[in-house]
Amino acid sequence: MNSHTVLYGVIGDPIRHSRSPVMLGRAFRESGVNGAYGAFHVAPERLGDAIRGIRALGFRGLNVTIPHKVEVMAYLDEIDESAGAIGAVNTIVNEDGRLIGYNTDGIGYVRSLKEEAEPDLTGKRVLVLGAGGAARGIVWALQREHTAEIWLANRTEQRAVGLAAALPSDGRLKVLPWHLLAEACGEADIVINTTSVGMAPHTEAMPADPAWLRPGAVASDLIYNPLKTAFLGAAEQRGCRIHGGLGMFVYQGAYAFEYWTGLPAPARAMREEVLASFAGTAAV
Ligand code: ATR
């Protein structure tokens, strides 16, 4: 660091578990960018102060994580279309004092899906399990692809109906009753788990019966702790192509890096760094 170092960081509560500093730190080193990225523990009542601090200190960029993704929007000067539609911000870019909020979670997920499992989403039927905050960004980003249909299924159907109503209706997005899950899994080209089912410590739980999946289809899980969920393990046994949740984390950070620096993100090195940070931790 020197007096030209450009500052970045992530705010959240809690924050000490975050892998963003090691991942973005590696991205800066790898790309020869003179940047530094810290993790800042910001309690909800200090959020406004934190954003004023970012402005005062001239941070170039900030990532925002739980529980601030929605509330932070009130402190920004501009909300990009992605964040507006999703209703949450995970990346802020400081353009000469104007703070602009973006959401890179959904597009990060789709880029990872295309790079790691299914390069061409054209004409694909996609089944999304879950209708929480994570599902919203993903469905929004999937709507930007040439998918044939997007089916949304949630244990609490009303929540899926609410999510579909909040997103642009283009005829391809359909809410599917939970009891039709088996049939839909068999017809889908890509099945995406956005629920928390299977996340540590309840790693044996599965969001859907893997026997319902069509061999050759893609099974995708947003969870990255564990890196390969029970659902993905069983789907692989069944002959599905599998796609884990680490890629979404890497590519949401890759987009943030690209928005801040204008440089292509060194995604492979970023992934490597996150994986190395997991080594030796009992949870993964
Ligand atoms: P996030 O913002 O991470 O998506 P969330 O908003 O709490 O988290 O959403 C969690 C999702 O997991 C929801 O779709 C939830 O379904 P409900 O809306 O019916 O609660 C889903 N989920 C959690 N536990 C589940 C379970 N045991 N079976 C099926 N779905 C479950």
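The values are calculated or read from the model by the stated rules, or taken from the named source; none is laboratory data. Nothing here was measured: the structure is a model prediction, and the numbers come from that model. Backbone-built Cβ (ideal geometry, glycine too); neighbour counts: all protein chains shown. SASA here: full protein model, heavy atoms, side chains in, ligands and nucleic acids out. Shrake-Rupley method; radii C 1.70, N 1.55, O 1.52, S 1.80 Å.
Would you mind calculating the gained length between residue 57 and residue 156 on full extension (0.36 nm times residue separation, minus the Cα-Cα distance), in nm to one decimal?
In short, 31.2 nm is gained.
Sorting 128-137, 57-66 by their mean Cβ neighbour count within 10 Å, with the most densely packed peptide first, gives 128-137, 57-66.
Let's test the formula: R0 of 25 Å, r as the Cβ-Cβ distance of residue 169 and residue 78. What FRET efficiency results, to the nearest 0.05?
The pair residue 169/residue 78 has a calculated efficiency of 0.45.
Compared with the alpha-carbon gap, the fully stretched path from residue 49 to residue 70 is longer by 6.0 nm at 0.36 nm per residue. Accessible-area rank, largest first, for 109, 102, 259: 259, 102, 109, with all protein chains present and a 1.4 angstrom probe. The value of relative contact order for region 49-128, using C-alpha pairs under 8 Å at least six residues apart, is 25 percent. What's the angle, to the nearest 10 degrees (0 to 90), between helix 157-166's Cα axis and the longest principal axis of the chain? In the chain, helix 157-166 runs at an angle near 50 degrees to the longest axis. Counting only residues at least eight positions apart within a chain, or on another chain, the lysines with an alpha carbon under 21 Å from that of residue 124 are 114, 174. Reducing region 41-109 and region 235-284 to their Cα centroids gives an inter-centroid distance of 22 Å. Size descriptor for the chain, Kirkwood hydrodynamic radius: 19.5 Å (Cα pairs only, one decimal). From the alpha carbon centroid of region 15-36 to that of region 151-209 is 34 Å.
Inter-label distance, residue 279 to residue 203: 1.9 nm, where each label sits 7 Å from its Cα along the C-beta direction. Taking every alpha-carbon pair within region 106-244, the share separated by more than 18 Å comes to 49 percent. The stretch between residue 145 and residue 269, if pulled fully straight at 0.36 nm per residue, gains 42.0 nm over its current Cα-Cα span.
When the helices of the chain are scored as -39500 (n - 2.57) per DSSP H run of n ≥ 4 and the total is divided over every residue, the value at 222 nm lands at -11000 deg cm²/dmol. Over the chain, Cα pairs under 8 Å with separation of 6+ residues give a relative contact order of 17 percent.
Per residue, the solvent-accessible area of region 157-217 (1.4 Å probe, heavy atoms of protein chains only, all protein chains present) comes to 51 Å². The apolar share of the surface of region 160-284, taken as the fraction of accessible area on carbon and sulfur atoms (1.4 Å probe, ligands and nucleic acids excluded), comes to 58 percent.
Shape verdict for region 24-157, please, from the Cα gyration tensor: rounded (a/c under 1.5), prolate (a/b greater than b/c) or oblate. Please report the intermediate quantities before stating the final value.
Values: a/c = 2.39, a/b = 1.60, b/c = 1.50.
Verdict is prolate for region 24-157.
Highest mean first, the peptides 159-172, 191-204 sorted by other C-beta atoms within 10 Å per residue fall in the order 191-204, 159-172.
Under the criterion of Cα pairs below 8 Å and six or more residues apart, the relative contact order for region 224-284 equals 33 percent. Report, to the nearest 10°, how far helix 246-261 tilts away from the longest principal axis of the Cα atoms in the chain, using its own Cα long axis and a range of 0 to 90°. Helix 246-261 sits at roughly 40 degrees to that axis.
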